[in-house]
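*Asks:* Next up is a structure, given as structure tokens.
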Amino acid sequence: MRARKALRISQVGLRGVVGSGLTAAHVIDFASAFGTFVEPGKPVLIGRDPRASGSMIREGVVAGLLACGHEVVDLGVVSSPVIQHAIRRQDAAGGISISASHNTAEWNALKFFGAKGTYLSTAEANELLDIYHLRKFRLVDWTGVGSLRVDHGAIDPYLDELAAVFDFEQLKRPKVVVDCCNGTSSLILKRLNERFGFHFILINEKPNGRQFAHDPVISADTISMQLAPLMKPLGADVGFQFDVDSDRVGVATEDGVAVSEEMILPLIADYMLPRAHGKLVITNLSSTALLEDIVALRGGKVLRVPVGRQATIDALAAYRSDQIALAGEGTGAVMMSQFEFVYDGIASMLTILSLMVERQLPLGEILAAYPRYVMRKAEEPLTSTRIPELLARLQQQYSSGKINVQDGVRVDWPGEWFHVRVSQTEPILRVICEKKGEAPTALFESLIEQVRESV
Amino acid sequence: MPREHLLKIGVSGIRGVVGEFLTPALACAFGHAFGTYVGRGTVMVGRDTRATGPMLQHAVQCGLLAAGCEVIDLGVLPTPSIQMYVSASKARGGIALTASHNPAEYNALKLFNGRGLFFNNYERDELIDLYHQSEFYQAGNEEIRNVRTDHESAQKLHIARVLKHVDVDVVRARKFRVALDAVNGAGSVMSPSFLKDSLGCDLVAINTDPTQPFPREAEPKPESLGDIAALMRDKNCQIGFAQDPDGDRLAVIDENGRVLDNDDVLALAVEAGLERLPGDVVVNLTTSSVIDDIAARFGRRVYRTPVGEANVVEMIQAVNAAIGGEGSSGGIIFPAVHLCRDSYSGMALFLHRMASTGLTISQLTDRLPRYFRKIGKVGYEHGRLGTLMLQLEDSFPEARLDRTDGLKLIWPEHWIHVRASNTEPILRFSAEAKSETEMNDLYDRVESLLK
């Protein structure tokens with residue numbers, strides 16, 4: 001039987017449709033669990049995206065943390081990266097972002113950050129889950145209950161950190177349109193305009209808690225809805241689109257082409273790798289092979305790990321931080337060593353602008369110069385019990401290639417690969433194929449046939 | 001063996017020691033049940049100055065918002081101000097986070113309906129059933145509303161309402177020298193402003209820092225009011241007022257630094273109230289007969305109810321009384337202002353009475369008929385209550401019986417009242433008589449019977 005999809009409690013945190021799945025009781029218990037988990041005696045930072053349900057969740061999060069004796073600092077409506085950098089700067093015990101990120105408005109979630117502002121490792125996330133399930137919280141007695149402080153000034157110090165890495169004067173040159181999808185990016189971009197004299201043209205810039213202008217997920221489809229068609233009429237050099245908590249970014253070219261979210265990581269690698277101390281780029285098994293081409297050209301190396309944030313976080317922890325340049329996914333979420341390995345859409349945008357300014361080329365031309373890869377993706381509903389058999393059969397069938405079974409089955413040939421895996425968030429099987437130079441039609445069709453036979 | 005309960009969910013809402021017992025999860029669930037019960041409207045939330053207040057307030061607000069309510073955060077505010085503002089603003093209900101006169105480690109949720117009145121027994125039962133059933137209304141993102149903050153309006157409304165019922169100019173003209181002990185509670189800011197700015201008093205105030213813990217026992221009793229009594233003698237004050245942490249109870253100290261008996265406080269307030277307004281008097285069974293004597297002077301009737309503010313309030317409504325209250329707990333209810341215990345109405349009535357009579361507070365007290373009273377309590381075992389009550393009845397066959405709340409034995413010149421506490425596993429008893437010997441004799445007989 002399939003679980004109801006409206007609530008998911010996992011290593012990634014708490015996520016659900018508010019009301020029908022995620023309730024006030026979950027919030028109180030999870031916040032109490034986190035208050036028990038993090039180091040006592042230091043503040044815990046919180047912030048939220050503009051979703052209307054954020055008001056309810058904030059109250060519960062504050063109550064749970066205060067009851068565990070923490071000083072709580074509420075940064076208000078801010079992006080997840082702003083919270084993460086503030087945690088490190090303020091030497092806090094950790095933090096919580098109340099945001100369902102790229103999900104639609106009826107969803108909300110708690111994202112948990114550790115003392116350095118990074119996501120919890122798998123071991124830490126498991127401990128938090130154990131505390132949540134046991135419900136043995138470290139509730140302090142009445143003399144030790146914490147207090148709440150409101151700090152709405154976290155954006156400026158975040159911008160100072162960006163300004164220390166990027167040449168803002170240069171980056172003001174391109175004409176940039178941004179689709180904020182009614183999320184937190186608008187607060188940062190308006191401040192960049194106001195304080196540093198940028199000229200970002202913003203659409204869907206009003207934070208709206210009830211409904212977003214479109215699905216906030218970053219993809220060529222959503223970029224095509226409003227942003228891409230505006231590029232030519234506005235004569236813009238480039239367009240960016242953010243998800244609600246601004247940890248992901250997507251792009252549109254000067255010609256109004258909605259660029260695949262797969263291209264964000266290669267673009268950033270192209271600019272950042274020569275500037276980073278480390279040479280390792282961490283990504284998952286499902287993202288484009290173009291990354292290997294670009295990283296090789298820039299003297300780096302790609303490390304591929306299972307899909308999902310947790311695998312990336314654990315891979316980061318397995319290396320010295322000065323060995324790693326970047327980590328990211330094919331979703332438009334990228335973290336850089338210069339920014340303490342925080343998924344950050346704004347920093348990603350500034351990197352892509354820096355690349356354009358350095359090359360003195362429009363984005364369309366930069367992309368056109370890259371080797372061409374064509375990706376095909378499909379989803380098939382699954383019958384969980386048949387999965388192991390299917391994966392074993394695929395390994396036999398495609399034994400001519402290099403086989404990787406870290407996460408489902410991935411098989412590589414020169415210039416072509418596929419990845420078949422089970423989604424962590426939905427009861428579906430994901431099939432991804434990519435080929436250099438042309439569409440991987442034959443491979444894709446044969447894979448789909450086999451998958452359908454088995455499910 | 002009597003046990004002390006560190007958490008109680010029952011007739012008086014939810015009350016407990018914060019930490020292991022009164023948790024954010026409980027407060028949130030209760031808020032969620034309350035929001036479901038009153039429906040998706042506006043709910044006012046305020047609190048006293050306990051350090052655990054903000055935590056519980058956020059938890060309660062989480063539950064209310066999850067039920068689809070709009071929340072107005074009134075901040076730190078006396079309970080009567082919250083009640084009045086709920087009723088004046090057409091909100092669906094209100095919640096005060098306060099354990100009133102209980103010690104600082106306790107906190108509690110006081111629940112008010114849309115008229116700003118304590119939930120009556122039926123409302124409370126329905127809410128508690130809903131809480132236990134845990135089938136709360138779950139608002140989605142479309143319906144979830146915000147917390148709005150309003151730290152001003154309730155206080156203004158409360159003061160304006162009280163001032164309508166005193167001759168402000170007469171009081172102001174006297175420039176009374178008044179001492180105040182606000183126990184660093186919810187009245188810390190409002191009471192000085194009320195006494196100084198509104199009533200023109202020359203104020204000497206202590207314990208008016210809402211950020212500090214309670215400097216004395218939360219309940220304003222003679223034993224705990226040494227500081228203000230000393231201050232009054234030192235500064236030659238004409239009257240002293242001491243509040244509890246949520247500003248519903250009032251203790252009064254005379255110009256000699258003597259803390260008035262709570263029943264005398266109520267008697268003087270009743271006298272002042274009856275002088276101004278027509279109507280009868282409602283008090284609980286355990287309140288002194290001095291009230292009957294005062295009412296008789298004005299030709300008014302006294303109605304008696306079981307102990308508990310809600311019971312007195314219900315009867316005041318039913319008989320449209322002029323004033324009422326509960327003697328032993330220092331609670332004055334002046335319905336012209338609002339149907340709740342209100343220390344501000346009490347302060348105003350006292351100052352007005354002093355101004356209009358030209359008498360000192362000790363002179364006013366001395367003019368009251370003299371009764372001797374003593375209250376006590378003993379623990380009891382479950383299952384023994386009936387036997388104890390029967391023994392009492394048998395020991396005093398000549399007395400008239402009132403079984404409305406526990407057992408009251410009444411003679412023409414004296415009475416005994418024995419009842420089980422709603423909040424603790426103890427029996428409370430009181431004896432009153434015209435002479436001290438008679439009172440002591442009664443008290444000792446009851447005490448030995450119960451022990």
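*Asks:* Write down the Kirkwood hydrodynamic radius of region A:1-120, to one decimal in angstroms, obtained as one divided by the mean of 1/r over all alpha carbon pairs.
*Replies:* By the Kirkwood definition, the hydrodynamic radius is 13.9 Å.
*Asks:* Turning to a different aspect of this structure: Mind checking the log10 I(q)/I(0) for region B:276-391 at q = 0.18 Å⁻¹? Debye, one equal scatterer per Cα, no solvent, two decimals.
*Replies:* -1.01
*Asks:* Give the whole-number value, in cubic angstrom per residue, of the convex hull volume spanned by the C-alpha atoms of region A:220-276. Intermediate values should be presented prior to the final figure.
*Replies:* Numbers: hull volume 5.0 nm³, N = 57.
So the per-residue Cα hull volume is 87 Å³.
*Asks:* Would you give the gap between the C-alpha center of region B:345-369 and the C-alpha center of region B:58-86, rounded to a whole Å?
*Replies:* Cα centroid to Cα centroid, the span is 36 Å.
*Asks:* I would also like to ask the following. Given region A:157-259, what count of lysine pairs have C-alpha atoms under 17 Å apart, with each pair 8 or more places apart or on different chains? Working shown, then result.
*Replies:* Working: A:172/A:190; A:175/A:190; A:175/A:232; A:190/A:206.
For region A:157-259, the number of qualifying lysine pairs is 4.
*Asks:* Can you tell me the convex hull volume per residue for region A:261-415, based on C-alpha atoms, in Å³ to the nearest whole number?
*Replies:* Per-residue hull volume (Cα only) is 127 Å³.
*Asks:* Let me ask another. Looking at region A:52-108, what % of the alpha carbon pairs are farther apart than 16 Å?
*Replies:* 46 percent
*Asks:* Name the residues of region B:419-437 whose amide N is less than 15 Å from a point 7 angstrom out from the Cα of residue B:293 along the C-beta direction?
*Replies:* Under cut-off, by backbone N: B:432-437.
*Asks:* Next question. Quote the relative contact order of chain A in percent (integer), defining contacts as alpha-carbon pairs under 8 Å separated by 6+ residues.
*Replies:* Relative contact order of chain A: 12 percent.
*Asks:* Per 0.36 nm of contour for each residue apart, how much would the distance between residue B:156 and residue B:169 grow if the chain were fully extended, relative to their Cα-Cα spacing?
*Replies:* Value of the extension gain: 2.8 nm.
*Asks:* Can you sort B:136, A:168, B:112 by how many other beta carbons sit within 10 Å, fewest first? Please list the in-between numbers first.
*Replies:* Working: B:136 22, A:168 17, B:112 27.
Ranked by crowding around the Cβ, least crowded first: A:168, B:136, B:112.
*Asks:* Let me see the P(r) profile for region A:157-259: every Cα-Cα distance counted, bins of 5 Å, each bin given as a percent of all pairs.
*Replies:* Result returned by the calculation: 2, 14, 23, 24, 20, 11, 4, 0.
*Asks:* Right, next: What translational D, rounded to a whole number of µm²/s, comes out for chain A from Stokes-Einstein when the hydrodynamic radius is the Kirkwood one over Cα pairs, at 20 °C and 1.002 mPa s? Walk me through the numbers on the way to the answer.
*Replies:* Details: Rh = 22.7 Å.
Rounded to a whole number, D works out at 94 µm²/s.
*Asks:* Let me ask something else about it. Would you list the P(r) distribution for region B:351-451, with all Cα-Cα distances sorted into 10 Å bins from 0 and each bin expressed as a whole %?
*Replies:* Pairs per bin, as whole percents: 14, 40, 23, 16, 7, 0.
*Asks:* I would also like to ask the following. Under the rule of at least 5 residues apart or a separate chain, name every residue whose amide H is placed under 5 Å from the amide H of residue B:289.
*Replies:* Distant-sequence amide H within range of residue B:289: zero hits.
*Asks:* Taking a cut-off of 16 Å, what percent of all Cα-Cα pairs in region A:395-455 are separated by more than that?
*Replies:* Counting pairs separated by more than 16 Å, the tail of P(r) holds 44 percent.
*Asks:* Between residue A:405 and residue B:132, what is the label-to-label distance in nm when each label sits 7 Å out along the Cα-to-Cβ direction?
*Replies:* According to this spin-label approximation, the distance is 5.6 nm.
*Asks:* Rounded to the nearest 0.05, what FRET efficiency do residue B:148 and residue B:202 give with R0 = 30 Å and r taken as the Cβ-Cβ distance? Could you check? The partial results should precede the final answer.
*Replies:* Numbers: r = 38 Å, r/R0 = 1.25.
Result of the calculation: an efficiency of 0.20.
*Asks:* Residue-wise, which Karplus ³J(HN,Hα) couplings in Hz belong to region B:360-370, taking 6.51 cos²θ - 1.76 cosθ + 1.60, θ = phi - 60°, and x for glycine or proline?
*Replies:* With the stated coefficients, region B:360-370 comes to 7, 5, 6, 5, 4, 5, 4, 6, 6, x, 8 Hz.
*Asks:* Okay, moving on. Short version: what are the Cα gyration tensor semi-axes of chain B, square root of 5 times each eigenvalue, largest first, in whole Å? Show your work: numbers first, answer last.
*Replies:* Working: eigenvalues 227, 167, 78 Å².
Square roots of five times the eigenvalues give 34, 29, 20 Å.
*Asks:* Helices from chain B with mean Kyte-Doolittle at least -1.0 and a Cα length along the axis of 20 Å or more, per DSSP H: which? Intermediate values should be presented prior to the final figure.
*Replies:* On the way: long enough: B:24-38 (21 Å, 1.05); B:262-276 (21 Å, 0.19); B:343-357 (21 Å, 0.35); B:436-450 (21 Å, -0.72).
Sorted by number, the helices that extend far enough and score high enough are B:24-38, B:262-276, B:343-357, B:436-450.
*Asks:* On a C-alpha basis, how far is the centre of region B:370-396 from the centre of region A:397-455 in Å? Whole number, if you could?
*Replies:* Centre-to-centre (Cα) distance: 84 Å.
*Asks:* In whole Hz, what ³J(HN,Hα) sequence does region A:206-219 give by Karplus (6.51, -1.76, 1.60; θ = phi - 60°), x for Gly and Pro?
*Replies:* Calculated HN-Hα couplings, in order: 8, x, 10, x, 9, 8, 9, 4, 7, 3, x, 5, 8, 7 Hz.
*Asks:* Tell me the relative contact order for chain B as a rounded percent, counting alpha carbon contacts under 8 Å between residues six or more apart.
*Replies:* Once normalised by length, the contact order is 12 percent.
*Asks:* Would you mind working out the magnitude of the charge dipole of region A:262-349 relative to its Cα centre, with +1 at each Lys and Arg C-beta and -1 at each Asp and Glu C-beta, to the nearest 20 Debye?
*Replies:* The dipole magnitude comes to about 220 debye.
*Asks:* Ratio of alpha-carbon Rg to the 2.2 N^0.38 Å globular estimate for the protein assembly as shown, to two decimals, please. Walk me through the numbers on the way to the answer.
*Replies:* Values: Rg = 34.9 Å, N = 906, 2.2 N^0.38 = 29.3 Å.
This ratio for the protein assembly as shown stands at 1.19.
*Asks:* Moving on. Counting only DSSP beta bridges with both residues in the protein assembly as shown, what percent are antiparallel, rounded to the nearest 5?
*Replies:* 60 percent
*Asks:* Whole percent per 5 Å bin, from 0 to the bin with the longest distance: what is P(r) over all C-alpha pairs of region B:36-190?
*Replies:* 2, 9, 16, 20, 19, 14, 9, 5, 3, 2, 1, 0
*Asks:* Follow-up. From the C-alpha coordinates alone, can you work out the Kirkwood hydrodynamic radius of region B:1-107, in Å?
*Replies:* Every distinct Cα pair counted, the radius reaches 13.9 Å.
*Asks:* Which of the lysines could be linked to residue A:402 by a straight reach, that is with a Cα gap under 27 Å, when you skip same-chain ones fewer than 8 residues away?
*Replies:* Here the lysines satisfying the reach criterion relative to residue A:402 are A:279, A:301, A:377, A:435, A:436.
*Asks:* Right, next: Which of A:142, A:417 has the fewest other C-beta atoms within 10 Å, and how do the rest follow up to the most? The partial results should precede the final answer.
*Replies:* Details: A:142 19, A:417 25.
Lowest count first: A:142, A:417.
*Asks:* Next question. Order by neighbour count: A:413, A:107, fewest other Cβ atoms within 10 Å first, most last.
*Replies:* Going from least to most buried by this count: A:413, A:107.
*Asks:* Can you grab the distance from the C-alpha centre of region B:260-301 to the C-alpha centre of region A:208-263, Å, no decimals?
*Replies:* 75 Å
*Asks:* So for region A:157-259: antiparallel DSSP bridges make up what percent, rounded to the nearest 5?
*Replies:* 40 percent
*Asks:* What are the lysines whose alpha-carbon lies under 18 Å from the alpha-carbon of residue B:377, with same-chain residues fewer than 8 places away excluded?
*Replies:* B:221, B:408, B:451
*Asks:* In whole percent, what relative contact order does region A:262-349 give with Cα contacts below 8 Å and a gap of six or more residues? List each step's numbers first, then the result.
*Replies:* Values: 164 pairs, mean separation 30.6, N = 88.
Here the relative contact order equals 35 percent.
*Asks:* Check the straight Cα-Cα distances from residue B:90 and name the lysines below 17 Å, setting aside those fewer than 8 residues away within the same chain.
*Replies:* Excluding near neighbours in sequence, the set is B:156.
Just so you know, all these numbers are worked out from the coordinates, no wet-lab data involved. All of these numbers come straight from a predicted model, not from anything done at the bench. So basically every Cβ, Gly included, is an ideal-geometry build from the backbone, and we count neighbours across all protein chains shown.
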